[in-house]
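No lab work stands behind these numbers, since they all come straight from the coordinates. Predicted model only: the values in this text are computed from it and were never measured. Cβ: placed from backbone, ideal geometry, glycine included. Neighbour counts: every protein chain shown.
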Amino acid sequence: MKKKTKNNQQCNINLIWFYIITIFPKMFDAIIHYGVTGRAIQKKIINIQFFNPRDFSDNKYKSVDDRPYGGGPGMLMSVKPLYLSIKKAKSLLQDAMVVYLSPQGKKLHQKKILEIIKKKKIIFICGRYEGIDQRIIDYQVDEEWSIGDYVLTGGELAAMVIIDSISRLIPGVINKKSVEEDSFSHNLLDYPHYTRPKIIKNMHVPKILFSGDHEKIRIWRLKQALGKTWEKRPDLIKNANLKKEEKILLNAFKKNKKEK
Ligand code: ADE
C-alpha cells in the first residue's frame, strides 16, 4: 500500500503481523516498549498480538502442562489449550506462516531473515517445559526454527530475537544505509567503527578516517571487513564469492598481517 505524506512524498507502508502463542506475554514488554521495535509498533509498522494457552485451559487450575507418554523427566505443554490458541490465532490471521521455535529447528541466519520479511504474517509458537506434542508440530506448524545450537527455557527469547532482526529491515524502521552496511549483508562481518575521543590511552583512530577521501575510506573499510571475516569466520570467506577487488584487498590484509 502507498500513502502520500504531507509534503507529497510517496512512502511505502509495510505492516508485518506477529501473532504470538505464549504463556508469558509480559516477557515481550522488552521489545514492545523499548528501542527500534517499540518505535516500529508505535508507527504501526509492526503489529504484535498474544494468545495465551492459559486462557484456553478448561481446568480449575488453568494448568498448561501435561505428563509425557513413556515417562521421563519434565512436562510438555498440554495439547488442548495450545491447539485452541493456535486455532484462534490462525482464524484471526489468515494465510499466516506458523513457526515453532525450538533447538531442533532450522538454524536462522541473516539470509533467511531477509526471506522471512516477505512473509508479512507470522504466528510464533513459543514452547515451554520440555516442548510440545509432535502431532502439533506435524499438523499445525509450517516451519521449525532455531536461533542457535543452545537450549533456552522457552521460545519467547527466540521470538524476540527474530522480531528484532526482522523489524530493523522493514523500510522506515531504521536508516537504509545502516542496513545495507550490516554485518552479513554481503556475507562479510562489519568493519571496525570509531568515534570520539581521537585517542584513548595511546590508542589512535586510524588516520585514513580523517582524510575526507570517501573512496579511500570505502577501500579501507572493505579491506578491514574482509580481513576480520577471514580471521574470525573463515567459513564465511570460504563461501563468499569474492570480486577481483576484494581478493586483492584480502591478500594485502594477509600480507600486512604476516609482516607485523
Ligand atoms: N527454544 C529453546 N531453545 C531454542 C533455540 N535455541 N532456538 C529457538 N527456540 C528455542
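Taken over the C-alpha atoms, the stretch 66-188 has Rg and Dmax values of 16.2, 54 angstrom. For a straight C-alpha distance cut-off of 16 angstrom, the aspartates and glutamates reachable from Lys119 (same-chain residues fewer than eight places away being disregarded) are Asp95, Asp142, Glu143, Glu144, Asp164.
Dipole magnitude for the chain: about 1400 debye, using +1 per Lys or Arg Cβ and -1 per Asp or Glu Cβ, origin at the Cα centre.
Around the Cα centre of the stretch 199-259, unit charges on the Cβ atoms of Lys, Arg, Asp and Glu (plus for the first two, minus for the last two) sum to a dipole of about 180 debye. Helix 244-259 and the longest principal axis of the Cα set of the chain meet at an angle near 70°. In the stretch 8-175, what % of DSSP beta bridges are antiparallel (nearest 5)? The antiparallel proportion sits near 10 percent.
Qualifying GluC sites (Glu not before Pro) in the stretch 72-166, where qualification requires a DSSP coil assignment and no more than 13 other C-beta atoms within 10 Å, comprise Glu130. Dipole size of the stretch 37-106 about its Cα centre, with +1 on Lys/Arg Cβ and -1 on Asp/Glu Cβ: approximately 280 debye, rounded to the nearest 20.
Note on the chain: Cα Rg divided by 2.2 N^0.38 Å, N the number of residues, gives 1.27. Between the Cα long axis of helix 214-232 and the first principal axis of the chain there is an angle of about 60°, rounded to the nearest 10. Convex hull volume of the C-alpha atoms in the stretch 26-72, normalised per residue: 135 Å³. In the chain, the DSSP-assigned H stretches of four residues or longer account for a calculated mean residue ellipticity at 222 nm of -11000 deg cm²/dmol, using -39500 (n - 2.57) per stretch and the full residue count as denominator. Label point of Lys198 set 7 angstrom out along Cα-Cβ; within the stretch 213-238, amide nitrogens under 18 Å from it belong to 213. For the set Lys201/Lys254; Lys207/Lys257; Lys62/Lys106; Lys176/Lys260; Lys62/Lys87; Lys80/Lys118, the pairs lying more than 29 angstrom apart at their alpha carbons are Lys62/Lys106; Lys176/Lys260; Lys80/Lys118. Between 0 and 90 degrees, the angle of helix 79-92 with respect to the longest Cα principal axis of the chain falls at about 60 degrees.
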